[in-house]
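Single-structure report; data block below.
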Amino acid sequence: MKYKPADNIQDLQYFGEFGGVNPSISDSSTYTFLSAKTMFDTFEGNAEGCYLYSRHSSPSNLYLGEALAAMEGTETANVAASGMGAITSTLLQLCKAGDHIVSSRTIYGGTYAFLKNFAPKFNVQTTFVDITKPELVEAAITKNTKVLYCESVSNPLLEVADIEGLSIIAKNHGLTLVVDNTFSPLSLSPKKLGADIVIHSLTKFINGSSDTVGGVTCGTQEFINAQRNVNDGAGMLLGPTMDSLRSASVLKNLRTLHIRMKQHSSNALYLAEKFEADGFRTVYPGLKSHPGHKLYKKMMNEDYGFGGILTLDVGSLDKANELMELMQEKNLGYLAVSLGFYKTLFSAPGTSTSSEIPEEEQREMGLSDGLIRFSIGLDNDIERTYQRMKECMVKTGLLEAELV
Ligand SMILES: *Cc1c(COP(=O)(O)O)cnc(C)c1O
């Protein structure tokens, strides 16, 4: 049967303490025990259903985790205070000094900086590879490699990872395949394709209202228990815990994710096709010209489309800045980093979200100065949006007037 992530979320039933249709929010950092023995057992990790302290777990965080695990089809999940909180506590849980990671070279700037500059302090080394080339992935694996890391759709180049192929490589070498699925929630289900651990920055599409940061690690009960372990769990000990009030609000926003993703995706596809026809170098996985288009199509849960992110190359940073400033002035979106908002957001990744990546490496991976990353919003009339964007492109000299 076809995998239906949104239905899996829908099928969960929650009631609040007084029969509320939303679960009650656990507004406490600590929890009472009727007996001292239960407190001891909870510390030891074997008192099901008891809460100890909210850095460890809280009812609200468990509800949100459960819903995200249902979406990704994993046994369970651990919510974190940010995407980076989920990524770093997962990688530090999986690796010890001397271990090695093979990672895609086109990943979120913060993750790249963590692997390149921070993890080596603990003697965890990373080799960055072009993840679309399996022979390069294989060649980078050493006897110390523990983790294979990638994004299902990479930031900001929108390379599509062959998750099934990578999972076979991971299995053959005994590695844990960790996939950051932030760009393609619902649309791609990495666990179903063979990933061991799926991570999201909830900050983006999943929460969708750009009012908080958040993250999640979806995996087996065994791994999540280890991450939460009071003695040596990276989640518990590094403390990237989400606040209960926030997790309750993220859970409410998650309810409409399927509707939003469909709209983000159809708006993005519409604009990508138009921009490409206008002669712009346009990158969007839904375009036939995208090198990963067929692969994405094979992997995707069709209902949700190819996601809301596209990039345009307008030739130079100056042009990119001029266009973005004008589009903001015309209220077509905001010049801001991040993604998944109701309004279109645009930024030049080379000087913002990927600025952690040295210029030379940026060039090598095809990240050019004039690249604009768009997170396409939920606009009701995307044709109208397109016409207005086109006016901005004419005004900045990127399109000729007679084409309008
Ligand atoms: C934003 C982002 C992150 C980091 O998430 P935060 O919530 O900002 O900590 C990680 N991966 C990807 C792909 C992202 O877009």
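The values are calculated or read from the model by the stated rules, or taken from the named source; none is laboratory data. Computed from a predicted structure; not experimentally measured. Positions of Cβ are generated from backbone atoms using ideal geometry, with glycine treated the same way; all protein chains shown enter the neighbour counts. Accessible surface is based on the protein model in full, side chains and every heavy atom, while ligands, DNA and RNA are left aside. Shrake-Rupley method; radii C 1.70, N 1.55, O 1.52, S 1.80 Å.
General remarks:
- Residue within the stretch 276-292 that is in contact with a strand residue (DSSP E or B) (Cβ under 8 Å, 6 or more places away or on another chain), outside any loop (DSSP other than H, G, I, E, B) and of a type in the set (Val, Ile, Thr) present: yes
- Answer from Ser209, Ser201 - the residue that is surrounded by fewer than 17 Cβ atoms within 10 Å (Cβ to Cβ), in the same structural domain as Ala77 (by TED's automatic domain parsing), within 14 Å of the ligand (Cβ to nearest atom) and among the small types (Gly, Ala, Ser): Ser209
- Filter pass, Ser347 being of a type in the set (Ser, Thr, Tyr), open to solvent by less than 60 Å² (accessible area, probe 1.4 Å) and closer than 23 Å to Lys116 by Cα: no
- Pair list, Cβ < 7 Å and 6+ apart or interchain, from the stretch 109-132 residues that are under 16 Å from Glu151 (Cβ atoms) to residues that are open to solvent by 50 Å² or more (accessible area, probe 1.4 Å) and at pLDDT 95 or above: Gly110/Met84; Thr126/Lys116; Val129/Leu136; Asp130/Leu136
- Contact annotation: residue pairs with Cβ atoms under 6 Å, 6 or more positions apart or on different chains, pairing a residue in the stretch 88-100 that is on the phi < 0 side of the Ramachandran plot with a partner that is of a type in the set (A, V, I, L, M, F, W, C) and open to solvent by 40 Å² or more (accessible area, probe 1.4 Å), are Ser89/Leu238; Ala97/Phe122.
Yes or no, residue by residue, for (1) out of contact with any helix residue (DSSP H, G or I) (no Cβ under 7 Å at 6 or more places or on another chain); (2) assigned to a loop (DSSP other than H, G, I, E, B); (3) under 24 Å from Lys204 (Cα atoms); (4) not hydrophobic (A, V, I, L, M, F, W, C):
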| position | (1), (2), (3), (4) |
| --- | --- |
| Thr311 | yes, no, yes, yes |
| Asp318 | yes, no, no, yes |
| Asn331 | yes, yes, yes, yes |
| Tyr342 | yes, yes, yes, yes |
| Ile357 | no, yes, yes, no |
| Phe374 | yes, no, yes, no |
| Tyr386 | no, no, yes, yes |
| Lys390 | yes, no, no, yes |
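- Evaluation of Asp41 against (1) surrounded by fewer than 19 Cβ atoms within 10 Å (Cβ to Cβ); (2) in contact with a strand residue (DSSP E or B) (Cβ under 7 Å, 6 or more places away or on another chain) (one fails), failing number: (2)
- Which numbered condition Thr311 fails, given (1) within 18 Å of Glu383 (Cβ to Cβ); (2) under 23 Å from the mean Cα position of the chain (by Cα): (1)
- Some residue of the stretch 8-29 being buried (at least 19 other Cβ atoms within 10 Å of the Cβ), outside any loop (DSSP other than H, G, I, E, B), hydrophobic (A, V, I, L, M, F, W, C) and assigned by TED's automatic domain parsing to the domain that holds Asp180: yes
- Matching residues in the stretch 294-309 - criterion: being in contact (Cβ under 8 Å) with a residue 40 or more places away in the chain, part of a helix (DSSP H, G or I) and open to solvent by 20 Å² or more (accessible area, probe 1.4 Å): Leu295, Asp303
- Where strands (runs of 3 or more DSSP E) fall entirely within the stretch 44-142, those with at least 3 residues that are within 16 Å of the ligand (Cβ to nearest atom) and either assigned by TED's automatic domain parsing to the domain that holds Val337 or crowded, with 19+ Cβ neighbours inside 10 Å (or both) are at 76-80, 100-104.
- Only one of Asn181, Asn155 that is modelled with pLDDT under 95 and surrounded by 17 or more Cβ atoms within 10 Å (Cβ to Cβ): Asn155
- Given (1) away from the ligand (no atom under 14 Å from the Cβ); (2) touching a strand residue (DSSP E or B) at 6+ places or on another chain (Cβ under 8 Å); (3) small (Gly, Ala, Ser), number of the condition Ser184 does not satisfy: (1)
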